[in-house]
Structures are given as C-alpha cells and as structure tokens.
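I have placed the structure first, in the form of structure tokens, so that the comments after it can refer back to it.
Rule-based calculations on the coordinates, nothing more; no lab input. These numbers were taken from a predicted model, which means no experiment stands behind them. Cβ sites come from the backbone with ideal geometry, for glycine too, and all protein chains shown count toward neighbours.
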Amino acid sequence: MQLVVGRIGRAHGIKGEVSVEVRTDEPELRLAPGAVLATDPASAGPLTIETGRVHSGRLMLRFEGVKDRSGAEALRNILLIAEVDPEVTPEDPEEFYDHQLIDLDVVTTDGTVVGRIAEISHLPYQDLLIVKRPDGSEVMIPFVSEIVPEVDLAEQRAVIDPPPGLLDEAGAQ
C-alpha cells in the first residue's frame, strides 16, 4: 500500500536541499536517510533520501543526485510516497494510519448511520475525518477521543458522540 508522507517545498541554500511538508506521524521512519520514495508525478522519482535535518522547525532533505539549487527547485510540490505494509499498525493502540480509517462506517453512539470515512485531513492542531454521508454531502468530524470514542477495525466502524450541532450543520435530521 502506498501513502503520501510528504510534499516537497522550496529549495534551501545552493547545495540541493529542500524543505518538506511532513504528512506522516512517523517522519523519523518514513523520511530517514536511505529511504527510497516514489513520487507523484511518478516521472520525478523514485527519490532516495541522502540527508535530513530539522532547521527552524522544518524538515530539510537532500536527495541523491540533486546537487544544486536548480535541481532542488525542480522538485517543488512533488508528493513523496512510501510503501507501507497494510498489516503493520502503530505501536500506540490509540493511533491509526490513514489507510486503516478510510472506508470505515461511521455511526453515532445510538447506532444512527452517519456515513463512511472518505479521507483524513491533517491540520496543525488536530485531524479531521471527512465523512461522506448517504445523501452525498460531507461532514467534518474532529478526530479527538471526546468525539470519536471508539474505532473498531475488526468491525470496520468508527463510533462518534457528536456535540450538538455538529451533524445538524451538515444537513442531518
């Protein structure tokens, strides 16, 4: 299974280094020196990470074969994609990979069907579950334990306890 783990940003300096917008909870594993990543568009890769460091709170990477600023600038906005074994799960039982959550049924604590998780939006302060409702509309559910008290991968469902108005604003009854 392939997961987007980062997006290449601006070139940094003159030796081929780029800033990277991290899109994984495990950058030390997925974006480590020696990692080989597929790309989107595929014509840009695969890319092998040569070095990595944090500078002013941002991840900076240098890729093998990219030795100057113009080479680094050519990589801007390219998505970095890692191969992930779908059977592997995070060590913390309260954490999930995006691919584990996509397509889970979403129901309220009283069993009312809300919809199905279509995607996960990673924001700076919290993640959002983007749930496609049966009528085709979408609702954004903050992925916090107070609102999503249960994720049952065996049953392929997420149980939510929405605060008043969360589902009403999305067109629910």
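The table that follows gives values for the structure above.
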read-out: Extension reserve of the T112-M140 stretch, reckoned as 0.36 nm per residue once the Cα distance is removed; value: 8.4 nm
read-out: Net charge contributed by nearby residues that have their C-beta within less than 12 Å of Q156 (K/R +1, D/E -1); value: -2
read-out: Percent of beta bridges antiparallel (DSSP, the chain, rounded to nearest 5); value: 90 percent
read-out: Amide hydrogen neighbours beyond the local backbone of E138, cut-off 5 Å, H modeled; value: R133
read-out: For E119, distant residues with modelled amide H under 5 Å away; value: I130
read-out: Other-chain or far-sequence residues with amide H under 5 Å of D127's (modelled H); value: F143
read-out: The chain: calculated mean residue ellipticity at 222 nm from DSSP helix runs of at least 4, using -39500 (n - 2.57); value: -1000 deg cm²/dmol
